[in-house]
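What follows draws every value from the coordinates through simple rules; no lab data is involved. These numbers come from a predicted model, not from an experiment. Cβ coordinates were reconstructed from backbone atoms using ideal geometry, including for glycine residues, and neighbour counts include every protein chain displayed.
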Amino acid sequence: MADSVNTLPVMTDEQRRKNLEKAAAARKERKALLDLIREGTVSFEKASADPKYWRIPVVRLLIAVPGVGKAKATQLMTEAGVSPTRRVKGLGCRQREYIIENLPKRGV
C-alpha cells in the first residue's frame, strides 16, 4: 500500500492560515443566514430554494425557524423521510414540500 493514500497535504503556515480564515468566513456567513431565518426575514421555503443555504444541514435550518425546536424538527424530518445528516441541497422536492406544508404557521 502506498503511504500517500492517507496522508494530509503538506501546507505552509501561510496556506493553513488562509484556509482557517476562509473556513471562519464561511461559518460566519452561515450564522448570518440562520439569523435571518430566526428573525423571520427569510422563510424556510425561500431559504431551501436559495443556493447560499444549500450547505446547511436541514435540522439546523428547521431549528432556526421560529416556533420549531429540536423535537419538532426531528419529527418533521422523520415524517418526510429525511436523513438526520441531510443538507438542504439534498432534499427531494416531495420532502421539501412536505416540510413546508407542515411547518407551524405564524400569525394565524
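Points worth noting:
- Contact order, relative form, for the chain: 22 percent (alpha carbon pairs under 8 Å, 6 or more residues apart, mean separation divided by residue count).
- Cα gyration tensor category, rounded, prolate or oblate, for region 38-88 with a/c compared to 1.5: oblate
- Highest-MSF residue in the chain out of 79, 21, 39 [GNM, Cα springs under 10 Å]: 21
- Region 15-102: C-alpha gyration tensor shape, a/c 1.5 cut-off, then a/b vs b/c: prolate
- When you count the other C-beta atoms within 10 angstrom of each residue and take the mean per peptide, 22-35, 65-78 line up highest first as 65-78, 22-35.
- Taking a ≥ b ≥ c as the square roots of the eigenvalues of the alpha-carbon gyration tensor, region 1-41 is classed oblate because a/c is 1.5 or more while a/b is no larger than b/c.
- Unit charges at the beta carbon, dipole of region 15-102: most positive-side option, 71, 91, 19: 19
- The H on the amide N of residue 87, modeled in the peptide plane, is under 5 Å from the matching H of 58, each at least 5 residues off or on a different chain.
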